[in-house]
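The values are calculated or read from the model by the stated rules, or taken from the named source; none is laboratory data. Everything quoted here is computed from the prediction, not taken from an experiment. All Cβ positions, even for glycine, are placed from backbone atoms using ideal geometry, and neighbour counts span all protein chains on display.
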Amino acid sequence: MGLDIGCSLLAINALPINIFHTHHGRVTPTMLGFKRARPDSLCFGLTGDGGAYAIGWQSLFHSALRDEPITVIVVNNTVYAMTGGQTAPTTLPGQKTDTNPNGYDGATFFGPESLRHITHKDAYLARTAANNPKDIATYIEKAIATQSAGHFSLVEILSFCPTNWKTVGKATMDYVENLKKVYKVGEI
């Protein structure tokens with residue numbers, strides 16, 4: 001598994017598998033290189049919304065377009081969390097961040113939906129939320145099966161960031177529920 005820098009690095013000690021770090025936004029091409037070197041392996045990249053949809057968008061887009069048999073898991077918390085809560089591609093209109101203290105005034109970016117228009121018909125794209133572990137397991141299993149069948153797969157997981165959202169307890173859970181109203185969960 002490849003880990004992008006950012007919050008995904010926190011998984012380094014949580015999983016009993018071979019893991020390596022990549023430069024920011026480079027988890028997709030790194031996993032693609034590993035897959036080409038060892039085509040029989042299952043290759044996963046774990047990255048945040050910034051690493052996938054900003055600095056890593058070119059690599060992600062073209063890997064999806066070419067239907068590369070890798071799986072990318074994107075953790076979307078709507079901010080660049082590890083660097084202080086700056087605006088990310090997935091920041092919602094009106095959302096306050098360190099770089100937009102009066103609220104973001106741009107458009108909403110939908111990563112999986114954008115990829116659906118260019119992916120192979122058998123590619124797998126889905127979105128769920130961190131407060132729904134059953135769907136996370138189901139969607140990742142389907143992503144693995146898709147990769148094993150020789151196709152691209154991506155699962156986006158809406159996640160928490162109470163530090164940068166400036167929320168606690170129930171307000172954090174409510175925030176995720178509101179995210180699900182904008183970023184529709186399910187298979188895409």
With surrounded by 14 or more Cβ atoms within 10 Å (Cβ to Cβ), in contact (Cβ under 8 Å) with a residue 40 or more places away in the chain and either of a type outside the set (D, E, K, R) or on the phi > 0 side of the Ramachandran plot (or both) as the only criterion, which of 89, 29 stands out? 89
When only residues in region 53-82 that are of a type in the set (Gly, Ala, Ser) and touching a residue at least 60 places away in the same chain (Cβ under 8 Å) count, which is surrounded by the most Cβ atoms within 10 Å (Cβ to Cβ)? 64
Restricting attention to region 162-171, which residues are in contact with a Phe, Trp or Tyr (Cβ under 7 Å, 6 or more places away or on another chain) and either surrounded by 17 or more Cβ atoms within 10 Å (Cβ to Cβ) or touching a residue at least 24 places away in the same chain (Cβ under 8 Å) (or both)? 165
So which of 153, 114, 159 is closer than 20 Å to residue 51 by Cβ, surrounded by 19 or more Cβ atoms within 10 Å (Cβ to Cβ) and modelled with pLDDT of 95 or more? 153
Which numbered condition trips up residue 46, out of (1) in a strand (DSSP E or B); (2) more than 16 Å from the chain's Cα centre (by Cα)? (2)
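I'd like to verify a number: residues in region 13-26 that are free of Cβ contacts under 8 Å to residues at least 24 places away in the same chain and part of a loop (DSSP other than H, G, I, E, B), how many?
We begin by selecting, within region 13-26, every residue free of Cβ contacts under 8 Å to residues at least 24 places away in the same chain; these are 13-23.
Checking the rest, the ones that are also part of a loop (DSSP other than H, G, I, E, B) come to 13-19, 22-23.
Residues in region 13-26 being free of Cβ contacts under 8 Å to residues at least 24 places away in the same chain and part of a loop (DSSP other than H, G, I, E, B): 9 in total.
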